[in-house]
Amino acid sequence: MACVWLLTAFSVLVPAAAAGDVLRLLMSESLPPPYLIQLEGEAEPTGLTVDLCRKVAARLGYGASVRVAPPKRVPELMRAGEADMLCHVSPNWYPYPEEMWFGRRLYSADNVFIAARDAEPVCEECAIPREVATVIGSDYGERVDMAFASGRSARRDVRSEENVFRLIQYGRMAYGIVPEYTFHYFAGHNQDMAIKGHAYRFNITVGVPRSGPIGEAELLIATASIRLPQDVDPAFRPYLGLPGIEP
């Protein structure tokens, strides 16, 4: 009965999109691979975030186009009406949450401490390392914030998670923080690198303007219908951390 109700409600709430109706998807260009992959010569980016947001648009009855922008321009473009759906966002990360409806979480992964395989672990009872490579503007949770505020630890901000990975890989920093998904993507079969602890959660979801054509109820239903790994390109599935699947 629940499935019948969900399908009935979904068909009523989702507008019948005319042929050619397209949602303009917007995401920050600061997202690293494999969340966002921009290849030279390709018309549009790909990646896990792109796959999931396209699926949401399809569940709503729309096609989709993808645009990336510098992080500071993302809210400006949304407020100017130049995009219909914002990808990889949560109310806590967006400067004008009162203007948006937010969907259900599409994907979640741990942010992890990474270091050389022989480095000390970072655990709940352990002190945060003295210096940690981080990404500009990223929030790693209360425990890590307190360590930085106390002066016991210092953060070295860089532009992307790939830069964090390279700093650790080449020995220029002892520890860094990246999403576990990103670690597996960049590490591959590199035996010199390891996950040394957990910091916070990394989430992918979507938001739409309250003044736009998509209501909160239909957005919640559409995002609740997303399934992993079925709804992402097979090329990205090995990095989802699913049991029995190795990158």
* Could you work out how far the C-alpha centroid of region 22-90 sits from that of region 139-210, in angstrom? => 22
* Using only Cα atoms, what is the ratio of the radius of gyration of the chain to 2.2 N^0.38 Å? -> 1.08
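Summing Lys, Arg as +1 and Asp, Glu as -1, what charge do residues with Cβ under 12 Å from the Cβ of residue 74 carry, residue 74 excluded?
Numbers: positive: 67, 72, 73, 79; negative: 29, 76, 82.
Net local charge, residue 74 excluded: +1.
Determine the calculated [θ] at 222 nm for the chain from helices alone, applying -39500 (n - 2.57) to every DSSP H run no shorter than 4 residues and normalising by the residue count; nearest 500 deg cm²/dmol.
-7500 deg cm²/dmol
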* Charges only on Cβ, +1 for Lys and Arg, -1 for Asp and Glu: so what's the dipole of the chain about the Cα centre, in debye to the nearest 20? -> 140
* Which FRET efficiency, nearest 0.05, do residue 120 and residue 24 yield, Cβ-Cβ r, R0 41 Å? -> 0.30
* **Per-residue ³J(HN,Hα) for region 135-144, Karplus 6.51 cos²θ - 1.76 cosθ + 1.60, θ = phi - 60°, Hz, x for Gly and Pro** => 9, 3, x, 7, 9, 10, x, 4, 4, 6
* Structure fact -> Amide H neighbours of residue 131 at under 5 Å, excluding residues fewer than 5 places away on the same chain, with H built from the backbone geometry, are 154
* To do: Along Cα→Cβ, 7 Å out, is where each label goes; now give me the distance between the ones at residue 210 and residue 44 in nm to one decimal.
  => 2.9
* Taking R0 as 25 Å, what's the FRET efficiency between residue 224 and residue 201 from their Cβ-Cβ distance, rounded to 0.05? -> 0.85
* To do: Evaluate the distance, in nm, between pseudo-label points positioned 7 Å from the Cα of residue 192 and of residue 77 along their respective Cα→Cβ axes.
  => 3.7
* May I ask which residue of 37, 137, 87 lies farthest towards the positive end of the charge dipole of the chain, with charges of +1 (Lys, Arg) and -1 (Asp, Glu) on Cβ and the Cα centre as origin? => 137
* Structure fact -> The base-10 log of I(q)/I(0) that the Debye equation returns for region 86-164 at q = 0.26 Å⁻¹, one scatterer per C-alpha, is -1.37
* Viscosity 1.306 mPa s, 10 °C: Kirkwood-radius Stokes-Einstein D of region 111-201 over Cα pairs, µm²/s -> 124
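Where a number appears in this text, it was derived from the coordinates with a stated rule and is not lab data. From a predicted model like this one, the values you see are computed outputs, not experimental measurements. So basically every Cβ, Gly included, is an ideal-geometry build from the backbone, and we count neighbours across all protein chains shown.
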